Amino acid sequence: MIYQKRLIPGWQFGMLRRSARRLFYDFDDPMIYARKGAVVRLSNTRVSRFRRICSEADGVVTSNPNLVDMAHDHGAHRVELIPTSVKLDRWKVREAPGDGRTLGWVGSTGN
C-alpha cells in the first residue's frame, strides 16, 4: 500500500498500519511545518505524526536529499530518493534582471 503526504491522526494511522501488509509513505514537502497566512512554524502535532509514520512505514519515498535527511532524522529506516520529474539538465538558466538571482517554481497554487 502507498500512503501519500497527509498526516492523519494516530488512531487512523494505526488502523492503516494494521490493515496494510506493507506500507510505503510518499511525501514531497517538509511535512513538519504549519502555515497560517505568511507565518510558517514548526508544528509539534505534525512532528509527532510524521515521526510515527516514518518509523512505522516499511519504506519512505521522497523527492530530494533534504527530505531524505528529514525522513531519516524522524525515524525512517529505509528511504528512497526519486528526484522531481523536472529534468534540470534540459532547462537553461536565463539571465535575470537586477541582481542576477533566479527563482523557479514547480507546483500548484495550493502549495
In this structure, is S55 open to solvent by 20 Å² or more (accessible area, probe 1.4 Å) and not in a helix (DSSP H, G or I)? no
Being among the hydrophobic types (A, V, I, L, M, F, W, C), open to solvent by 20 Å² or more (accessible area, probe 1.4 Å) and free of Cβ contacts under 8 Å to residues at least 40 places away in the same chain: is that true of A20 here? no
Checked region 1-52 for anything of a type in the set (G, A, S) and either under 16 Å from M70 (Cα atoms) or under 11 Å from the mean Cα position of the chain (by Cα) (or both); matches are A34, S43, S48
Would a scan of region 70-77 turn up a residue that is open to solvent by 100 Å² or more (accessible area, probe 1.4 Å) and more than 14 Å from the chain's Cα centre (by Cα)? yes
Of everything in region 1-11 that's under 14 Å from A57 (Cα atoms) and modelled with pLDDT of 90 or more, which residue is surrounded by the most Cβ atoms within 10 Å (Cβ to Cβ)? L7
Scanning region 31-46 for residues that are open to solvent by less than 30 Å² (accessible area, probe 1.4 Å), over 17 Å from L16 (Cβ atoms) and touching a residue at least 12 places away in the same chain (Cβ under 8 Å) gives I32, A34
Candidate set: region 58-69, residues that are among the hydrophobic types (A, V, I, L, M, F, W, C) and either in contact with a helix residue (DSSP H, G or I) (Cβ under 7 Å, 6 or more places away or on another chain) or under 17 Å from M1 (Cβ atoms) (or both); chosen: the one most open to solvent (accessible area, probe 1.4 Å): V61
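The values are calculated or read from the model by the stated rules, or taken from the named source; none is laboratory data. The structure displayed is predicted, hence computed values, not measured ones. When we count neighbours, we look across all protein chains shown, and the Cβ atoms used for this are built from the backbone with ideal geometry, even at glycine. Accessible surface areas use protein heavy atoms only, side chains included; no ligands, DNA or RNA. Shrake-Rupley method; radii C 1.70, N 1.55, O 1.52, S 1.80 Å.
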